[in-house]
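Shown next, in structure tokens, is the structure this report addresses.
The values are calculated or read from the model by the stated rules, or taken from the named source; none is laboratory data. Quick caveat: nothing in here was measured; it's all calculated off a predicted structure. Cβ sites come from the backbone with ideal geometry, for glycine too, and all protein chains shown count toward neighbours. Accessible surface areas use protein heavy atoms only, side chains included; no ligands, DNA or RNA. Shrake-Rupley method; radii C 1.70, N 1.55, O 1.52, S 1.80 Å.
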Amino acid sequence: MTKKQITTSVKINEELFEEFKILCIKYKFSFTKLANRTAHLYITDPEFRRLINNHTNLEYDKEK
């Protein structure tokens, strides 16, 4: 059985996405997996939803 999917377009921080792509290759992960899992946790886990809603610092320090 095929699950219905929707195609979406999002704009994200270029620097964060470049680092994410590198990690995706390293860990065999994808943006689709991230989006689906994040959406599921956001819907089902109030603590995760609170964490995401309150996370505003998107600065990325490559040195860390």
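Test Arg37 against the stated conditions and say whether it is open to solvent by 100 Å² or more (accessible area, probe 1.4 Å), at pLDDT 95 or above, assigned to a helix (DSSP H, G or I) and not aliphatic (A, V, I, L, M).
So Arg37 fits the description; yes.
Tell me, yes or no, whether the stretch 4-20 has at least one residue that is among the small types (Gly, Ala, Ser) and either touching a residue at least 40 places away in the same chain (Cβ under 8 Å) or assigned to a helix (DSSP H, G or I) (or both).
no
Quick check, is Asn54 exposed (fewer than 10 other Cβ atoms within 10 Å of the Cβ) and at pLDDT 95 or above?
Yes, satisfied.
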